[in-house]
Structure formats: structure tokens, C-alpha cells
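Each value in this text was obtained by applying a stated rule to the coordinates, not by laboratory testing. This structure is a prediction, so every number in the text was calculated from the model and none was measured. Cβ: placed from backbone, ideal geometry, glycine included. Neighbour counts: every protein chain shown.
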Amino acid sequence: MQRLCVSSALTVIVALAGMSWVAARDPKAAMLGPQDYAELQHLTARLNQGADFHDAEMWVSLWTPDGVWRSPDGREHVGHAGLAEYRRARKAELGGRSDIRHWTNSLVLTPSADGATGRSYYTMMRVNSTPPGPASAGHYDDVYVKTTQGWRIKRRTIYAYPRDTATVP
């Protein structure tokens, strides 16, 4: 019985030492703490609200200076100036209306050597009708970095799902 306990204890010690050694050697094994998760979720919520309420200054401030927004059609808006121009054009396209809301969910964050990556689903809803109706849906692939100002978005790629034009306005 004593031999079994000693063998089990040695097995656990070797396993833990091996896992620690692998984690120390792999920069991607960096951990995200609870505060990081909360800050990244808050960042994505602020991004949604900045877009929904046409607060371009706040929206742009959530990006790194060289941040890239890649739309489903492959267009890229790069850097704070390009991102601000995109928001200006989007507001004009909507005629200044603020009747679209973004909902993101199922955010999965993965530590990376440079910060974190994330994937989340989105649904955009038109809220100027009763009941509100879908405008589009898809998913985002994001790259986040931690700066002296906190977490920022380095890159967002948007993948829109096909719409059934017979049922979606």
C-alpha cells in the first residue's frame, strides 16, 4: 500500500513538473487572468455601443494606432485615420440613424504570444420596427494586444453569414 502511495505521489510530481516546464517554454501558454477576461469583454461591448450610437471617437480609441478592420467583402480600414473615416462613412450611409444594435456572444478568448485572440458571434438587429428584426449575422475573429492604455484591438476580421433574402429584410 505504501509503495502505491509513493508511486502515485511521484507520478503526480513528475506530471506537474513536466506541465510547468512546457508552460515555461511556450510563450503562447501565457495565462489570461479574470481581470483580462472582464476587460476584453468590456472592450467588445464598448466597440458595439460606439458603432451603434455613432460615437466614432470612442470607437476609434479602442484600437491600436495601426489597427485593421477587415469587412466581409475584404476591404480593410487601417489606422486611426482610416477607422475614423470608416465610421464617418457608415454614419452617412445610415443617414445618421441610430436604429441598429450589435449583439455579440460566445466570446472565446485564447492567450497568444502578443496578447490574445478572440472569436465571437454577432447579430445586428434593426430596432426601428416591431418586433425588431435581424439586419445581419456572422462572427468576428479578433486580435487583441495589451497597451499602456489597456487592452486594444489590433485586428478584427468580419465573416458575415449568408442571408435568406426571402425572410430577412
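Scanning the stretch 59-98 for residues that are out of contact with any strand residue (DSSP E or B) (no Cβ under 8 Å at 6 or more places or on another chain), surrounded by 14 or more Cβ atoms within 10 Å (Cβ to Cβ) and of a type in the set (A, V, I, L, M) returns Val60, Ala84. Scanning the stretch 69-97 for residues that are closer than 17 Å to Ser136 by Cβ, outside any strand (DSSP E or B) and within 17 Å of the chain's Cα centre (by Cα) yields Ser71, Pro72.
Any idea how many residues of the stretch 118-164 are basic (Lys, Arg) and part of a loop (DSSP other than H, G, I, E, B)?
Total satisfying the criteria: 1.
Scanning the stretch 88-110 for residues that are touching a helix residue (DSSP H, G or I) at 6+ places or on another chain (Cβ under 7 Å) and of a type in the set (Val, Ile, Thr), we see that the one that is farthest from Glu57 (Cα to Cα) is Thr104.
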